[in-house]
Amino acid sequence: MQLQSGTQIENSSTSALWPLEPIDLKRSKFPCCLVWTPLPVVSWLAPYIGHIGICREDGSVLDFSGSNLVSVDDFAYGAVARYLQLDRTKCCFPTNMATHTCMIPYKHAENGAALSWDDALNTSTRQFHHKYYNLFSCNCHSFVARCLNQLAYDGSVNWNVVNLGALILWKGRWVDKMSVTRSFFPFLLVVCIGIFMAGWPFLVGMAIFSALLLGWFIFGIYCVKGLIC
């Protein structure tokens, strides 16, 4: 009887997810999406790095864009260039320990659970209203990762700067052709100017820059706990 009751609760929780409005590119509404745009200077040298946000169920964009500041529908550094809509049925919305649908209920509860998609985003927003922005230790990726951990998205509470960046990089969709152009044209221009002025050593320098940047985040996430939020 207990198993049947738990199953009924889980099914009712899933059915409570009301339909989302379609993605509206003209109005920049991306319900339950991750959104990405290139960063000035940084993306010119490493185009796989950019600014990321997460959207409410109504499509409003939230992004950690400065110390003690989570912006709403004011996406920093330009319009959305890439997006990835997430599946709410892969989230866990427990009302108590018995109604967890993920396989890690105790760890999820310890990290902070949420009752709905927007509840997770609102809770994370309140927390990041008291955090200082730092590109190397507490940035926009940290905020979005916190939201996904509260949702236990895809059965995980180990979302971080590295795997979140990889997710949007490999699965994100481009808004339009102009988004591709403004994401990669500055990088290609910098490469051409650099080779013309400094030759092939410039490419070596860029490769070293990328390796150091990636190495810092990998080291900070997987080797030193708490270094990067």
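Residue 189 fulfils the conditions (1) more than 22 Å from residue 226 (Cβ to Cβ); (2) at pLDDT 95 or above; (3) of a type outside the set (D, E, K, R); (4) in a loop (DSSP other than H, G, I, E, B) except for a single criterion, (4). If you go through the stretch 164-180 and keep only what is open to solvent by 20 Å² or more (accessible area, probe 1.4 Å), of a type in the set (A, V, I, L, M, F, W, C) and under 24 Å from residue 124 (Cβ atoms), you end up with 166, 167, 169, 170. One residue stands out in the stretch 110-138 among those that are within 15 Å of residue 228 (Cα to Cα) and touching a strand residue (DSSP E or B) at 6+ places or on another chain (Cβ under 7 Å): the one that is least open to solvent (accessible area, probe 1.4 Å), namely 128. For the stretch 16-61, a residue qualifies if it is over 15 Å from the mean Cα position of the chain (by Cα), within 30 Å of residue 215 (Cα to Cα) and β-branched (Val, Ile, Thr), and the qualifying residues are 41, 42. Just checking, does the stretch 53-64 include any residue being touching a Ser or Thr at 6+ places or on another chain (Cβ under 9 Å), among the acidic types (Asp, Glu), open to solvent by less than 10 Å² (accessible area, probe 1.4 Å) and farther than 30 Å from residue 204 by Cβ? Yes: one or more hits. Residues of the stretch 79-93 include at least one that is assigned to a loop (DSSP other than H, G, I, E, B), free of Cβ contacts under 8 Å to residues at least 60 places away in the same chain and within 27 Å of residue 23 (Cβ to Cβ). Of the residues making up the stretch 103-122, those that are more than 23 Å from residue 19 (Cβ to Cβ), of a type in the set (A, V, I, L, M, F, W, C) and not in a helix (DSSP H, G or I) number 3. Looking at the structure I just gave you, is residue 224 among the β-branched types (Val, Ile, Thr) and in contact with a strand residue (DSSP E or B) (Cβ under 7 Å, 6 or more places away or on another chain)? Judged against the criteria, residue 224 is not a match. Being among the hydroxyl-bearing types (Ser, Thr, Tyr), over 30 Å from residue 90 (Cα atoms), open to solvent by less than 50 Å² (accessible area, probe 1.4 Å) and touching a Leu at 6+ places or on another chain (Cβ under 9 Å): is that true of residue 210 here? For residue 210, the condition - among the hydroxyl-bearing types (Ser, Thr, Tyr), over 30 Å from residue 90 (Cα atoms), open to solvent by less than 50 Å² (accessible area, probe 1.4 Å) and touching a Leu at 6+ places or on another chain (Cβ under 9 Å) - is met. One residue stands out in the stretch 69-98 among those that are over 30 Å from residue 178 (Cβ atoms) and surrounded by fewer than 16 Cβ atoms within 10 Å (Cβ to Cβ): the one that is farthest from the chain's Cα centre (by Cα), namely 98. Each residue in the stretch 143-163 was checked for being buried (at least 21 other Cβ atoms within 10 Å of the Cβ) and part of a helix (DSSP H, G or I), and 11 of them qualify.
The values are calculated or read from the model by the stated rules, or taken from the named source; none is laboratory data. Every value quoted in this text rests on a predicted model; they were computed, and no experiment measured them. Cβ: placed from backbone, ideal geometry, glycine included. Neighbour counts: every protein chain shown. Surface accessibility is based on the protein's heavy atoms, side chains included, excluding ligands, DNA and RNA. Shrake-Rupley method; radii C 1.70, N 1.55, O 1.52, S 1.80 Å.
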